[in-house]
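Taking it in order: structure first as structure tokens, then the write-up.
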Amino acid sequence: MATEFVHLHNHSDYSLLDGAQTVKTLINTVRELDMDAVSVTEHGNLFSVIPFYMEARNQGVKPIIGCEVYVAQTSRFEKKRTAEGGRGTNHLVLLAQNYRGYLNLMKLVTHGYLEGFYYSPRIDKELLQQYNEGLICLSACLKGEVPEKLLMDDVAGARKIALEFAEIFPDRYYLEIQNHGIPDEAANILRITQLAEELGLPLVATNDAHYAKREHSEAHDIHICLGTGKDRNDPNRLRYATAEFYFKTQDEMFRLFKEFPSALENTRRIADSIDLEIPMGEHHLPEFPIPKEFKGGDADAYLRQLCEQGIAQRYSELTPDVQKRMDYELSVINKMGFAGYFLITSDFVQYAKNQQIPVGPGRGSAAGSLVSYALGITDIDPLKHDLLFERFLNPDRISMPDIDIDFCIERRGEVIDYIKKLYGENSVTQIITFGTMKARAVVRDVGRVMGYSFGEVDRIAKAIPDELKITLDKAIRKSPELKKMAEGPYKELISHAKVLEGMNRHASTHAAGVLIAPGDLTDFIPLYKSPQTEDVVSQYDMKGLELLGLLKMDFLGLRNLTVIDHAVKLIASRRGIDIDIRTIPMDDAKVYDLFGKGLTIGVFQFESSGMREYLKKLKPTQIEDLIALNALYRPGPMENIEDFIARKHGRKKIEYPHPDMELILKETNGIIVYQ
């Protein structure tokens, strides 16, 4: 296969690459151009690394991980404008040659956010001296320090800087030449090739690709307007000088740089010198402190002891069914190596309960675990409710357990602080999340930038069906009205919106996710610091962290728990009645009467107008009715709600797909509701 070495410079000021749609477009373009290696170097961050790395590997393309860093001209700690009014930074391209280089790259971009941030994340040469091993360095675009000096006719200064970088990166420093049709680039090519010859430094021909294809130039221009908050007709807005910032073919690159064959050959030389394997599939759990009496820190033996103690408290007697279920679950946990996970989770849940911090009874598949019940992680008896452990953990599906835990919204932070104290501040952080441009949002955004009226854009957006995960392509097939618009007066708007759909719009902190690493976080991931909130979070999102095998916990702040806690305390203080919310009866007819009247505003998952209408029709009489309706009230199963209600009230005969299924489907009136 032909090979071209391309940098995708993605300005994090304007957009974030990590949208799955964007990565797929990128790799598909690479394959169309018959490339076998491609480099992604975002500005100052590594947001896109994991999805890019995985997609490239899956498609048979060699991923080259890098970053175009901002280098402070003085110290990263000096945060003031230059005498000329500039920010005092230059660009520099760093590529991870191996795993050591990747680790160093994570350290550098983390320092850039946590220590050097001034308009953008900045590092300095002190950090480059410390973390250069395993990194290939390129002089960057016109904003690089060497090209900038040359354009200012400071040849001596450019020579000094080039030699400095060549010393920091011995045999790993290249002078870049680029040609996007910009006059200054032509001048730079002449000067930097002379400098390369004088100093004996290698050249490399590169191309900035801010979008995949030439025809995406206008969509990219709109994207810049979105990121900078400008209208497209604003004469003072930021715009690119040419439309040449796309992935070029090998022939196009040859035509641009045929006078510099070594610069083209060095793209292959660099690609061949890179050998990076990011470990995937290994689990990295923090070490839980095991009591000394358990020789060798036997987590499985300690977990069994805690479970036995918990079972004795939960059940009046240890029946064969309970013993069998506990032994089975513990054997699976032992086989999968997750004893530490349960010990860690049990510990912070018990801490919360000991501090009288309200904790939810459990949600999701974890409620099917007897071990979780015995440890006090959940308060739902899986045997009583016939819940399956296999939905939670399955030896044939090797993945980290996932337990969502609700805490009082006012005191959730205390639990996170406890974990930081136990495992170390440098080992615990919250998790980033990216807001993507979905179908309706991207139409509204693009329409606004292009100058359409609010009414026009609103009409187009409302023509998109209100469906979960709807895309513009799918919406056009489903909506004749939208199809007419897309083929008529709004063809350009929708065309640009389809290019930008799925891209990330902004970064924020995940509402629940907390990451706990078995050591310094930056040995596993890079960190990001929000310029707006000062929150420090991971640069990789939930999916990326999961692929890396890191422990992520969902600590959900639930206001309902806070309300219940306040209510219980008020009743105790004003009425002298102590209520244990965990032991309230499940057969109170007055409660079901309230549900049957739809008086459920403020009740979690039962307060929407649609749900309240169904409650009035259902007239629930038992907890199983509420469980079933909650499961049915979702896209897809919703079409069975009327049938479920009719069968409950005898208006429709209860039938089973097969007589043998009656035992399973009896409590849901013959309708398949649960997985």
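The values are calculated or read from the model by the stated rules, or taken from the named source; none is laboratory data. Predicted, not measured: the structure shown is a model, and the values here were computed from it. Cβ sites come from the backbone with ideal geometry, for glycine too, and all protein chains shown count toward neighbours. Each accessible area value is taken on the protein alone, full model and side chains, heavy atoms only, with ligands, DNA and RNA left out. Shrake-Rupley method; radii C 1.70, N 1.55, O 1.52, S 1.80 Å.
In segment 131-150, what residues are surrounded by fewer than 15 Cβ atoms within 10 Å (Cβ to Cβ) and closer than 30 Å to Thr228 by Cα? Residue satisfying the conditions is Lys143 alone. Do you know which residues across segment 461-510 are open to solvent by 80 Å² or more (accessible area, probe 1.4 Å) and either of a type in the set (A, V, I, L, M) or assigned to a strand (DSSP E or B) (or both)? Of everything in segment 461-510, those that are open to solvent by 80 Å² or more (accessible area, probe 1.4 Å) and either of a type in the set (A, V, I, L, M) or assigned to a strand (DSSP E or B) (or both) turn out to be Leu468, Arg505, His506.
Taking segment 278-307 as the range and being open to solvent by 50 Å² or more (accessible area, probe 1.4 Å) and without any contact (Cβ under 8 Å) to a residue 60 or more places away in the chain as the test, the residues that pass are Pro289, Lys292, Glu293, Lys295, Gly296, Asp298, Asp300, Arg304, Gln305. The single condition among (1) open to solvent by less than 10 Å² (accessible area, probe 1.4 Å); (2) in contact with a strand residue (DSSP E or B) (Cβ under 7 Å, 6 or more places away or on another chain) that Asp535 does not satisfy is (1).
Consider segment 525-575 and keep the residues that are farther than 21 Å from Asn504 by Cβ and among the β-branched types (Val, Ile, Thr). The one that is nearest to the chain's Cα centre (by Cα) is Thr562. As a summary of the residue check, Thr242 satisfies the conditions (1) in a loop (DSSP other than H, G, I, E, B); (2) open to solvent by less than 40 Å² (accessible area, probe 1.4 Å); (3) at pLDDT below 90; (4) not aromatic (Phe, Trp, Tyr) except for the one numbered (3). Selection over segment 345-370 of residues that are assigned to a helix (DSSP H, G or I) and either modelled with pLDDT under 95 or hydroxyl-bearing (Ser, Thr, Tyr) (or both) gives a count of 8.
Is it the case that Val349 is farther than 21 Å from Glu390 by Cα, of a type in the set (Val, Ile, Thr) and either free of Cβ contacts under 8 Å to residues at least 40 places away in the same chain or open to solvent by less than 60 Å² (accessible area, probe 1.4 Å) (or both)? Against the criterion (farther than 21 Å from Glu390 by Cα, of a type in the set (Val, Ile, Thr) and either free of Cβ contacts under 8 Å to residues at least 40 places away in the same chain or open to solvent by less than 60 Å² (accessible area, probe 1.4 Å) (or both)), Val349 qualifies.
Restricting attention to segment 443-460, the residues being surrounded by fewer than 17 Cβ atoms within 10 Å (Cβ to Cβ), in a helix (DSSP H, G or I) and among the small types (Gly, Ala, Ser) number 1. Given (1) closer than 26 Å to Asp588 by Cα; (2) open to solvent by 90 Å² or more (accessible area, probe 1.4 Å); (3) of a type outside the set (Ser, Thr, Tyr), identify the lone condition not met by Ile672. For Ile672, the exception is condition (1). Candidates Pro235, Pro286, Pro291: the one that is under 30 Å from Glu133 (Cβ atoms) and part of a loop (DSSP other than H, G, I, E, B) is Pro286. Which is more than 33 Å from the chain's Cα centre (by Cα) and open to solvent by 40 Å² or more (accessible area, probe 1.4 Å), of Ser273, Ser262? Criteria check complete, one pass: Ser262.
Selection of segment 159-170 for residues being of a type in the set (D, E, K, R) and either closer than 18 Å to Asp124 by Cβ or under 36 Å from the mean Cα position of the chain (by Cα) (or both) yields Lys160, Glu164, Glu167.
From the list Thr583, Thr600, the one residue that fits, being more than 22 Å from Lys107 (Cα to Cα) and either modelled with pLDDT of 95 or more or open to solvent by less than 20 Å² (accessible area, probe 1.4 Å) (or both), is Thr600.
Against the list (1) surrounded by fewer than 21 Cβ atoms within 10 Å (Cβ to Cβ); (2) modelled with pLDDT under 95, the condition Gly513 fails is (1).
When segment 618-664 is filtered for residues that are touching a Pro at 6+ places or on another chain (Cβ under 8 Å) and crowded, with 16+ Cβ neighbours inside 10 Å, the ones remaining, listed by number, are Leu626, Leu629.
Among residues of segment 95-107 that are of a type in the set (Phe, Trp, Tyr), those with a Cβ under 9 angstrom from a residue that is open to solvent by 40 Å² or more (accessible area, probe 1.4 Å), sequence gap 6+ or separate chain, pair up as Tyr99/Asp275; Tyr99/Glu277; Tyr99/Pro279.
Criterion first (at pLDDT 95 or above and charged (D, E, K, R)) does Glu218 satisfy it? So Glu218 fails the test. Inspection of segment 263-270 finds no residue satisfying the criterion of being more than 30 Å from Glu197 (Cα to Cα) and either part of a helix (DSSP H, G or I) or in contact (Cβ under 8 Å) with a residue 60 or more places away in the chain (or both). Scanning segment 401-440 for residues that are touching a His at 6+ places or on another chain (Cβ under 9 Å) and either over 30 Å from Pro465 (Cα atoms) or open to solvent by 40 Å² or more (accessible area, probe 1.4 Å) (or both) yields Gln430, Ile431, Thr433.
Selection of segment 107-130 for residues being part of a loop (DSSP other than H, G, I, E, B) and surrounded by fewer than 21 Cβ atoms within 10 Å (Cβ to Cβ) yields Glu115, Phe117, Tyr119. The set of residues from segment 190-215 being open to solvent by 20 Å² or more (accessible area, probe 1.4 Å), part of a helix (DSSP H, G or I), free of Cβ contacts under 8 Å to residues at least 60 places away in the same chain and not basic (Lys, Arg) comprises Leu190, Gln194, Glu197, Glu198, Leu199, Glu215. The residue list Asp251, Asp221 contains one member that is open to solvent by 50 Å² or more (accessible area, probe 1.4 Å) and free of Cβ contacts under 8 Å to residues at least 60 places away in the same chain, which is Asp251. Restrict the check to segment 149-163 and report whether at least one residue is touching a residue at least 24 places away in the same chain (Cβ under 8 Å) and of a type in the set (Asp, Glu). No; the residues of segment 149-163 include none that is touching a residue at least 24 places away in the same chain (Cβ under 8 Å) and of a type in the set (Asp, Glu).
In segment 160-184, how many are acidic (Asp, Glu) and either surrounded by 20 or more Cβ atoms within 10 Å (Cβ to Cβ) or touching a Ser or Thr at 6+ places or on another chain (Cβ under 7 Å) (or both)?
Step one: of segment 160-184, the residues acidic (Asp, Glu) are 164, 167, 171, 176, 184.
Now narrow it down to the ones that are either surrounded by 20 or more Cβ atoms within 10 Å (Cβ to Cβ) or touching a Ser or Thr at 6+ places or on another chain (Cβ under 7 Å) (or both): 176.
Here the count works out to 1.
Looking only at residues in segment 16-46 that are assigned to a loop (DSSP other than H, G, I, E, B) and open to solvent by less than 10 Å² (accessible area, probe 1.4 Å), the one that is modelled with the lowest pLDDT is Leu17. Inclusion of Met611 among residues that are exposed (fewer than 15 other Cβ atoms within 10 Å of the Cβ), part of a helix (DSSP H, G or I), touching a helix residue (DSSP H, G or I) at 6+ places or on another chain (Cβ under 8 Å) and without any contact (Cβ under 8 Å) to a residue 24 or more places away in the chain is not warranted. Quick check, is Gly519 at positive phi, open to solvent by 20 Å² or more (accessible area, probe 1.4 Å) and touching a residue at least 12 places away in the same chain (Cβ under 8 Å)? Judged against the criteria, Gly519 is a match.
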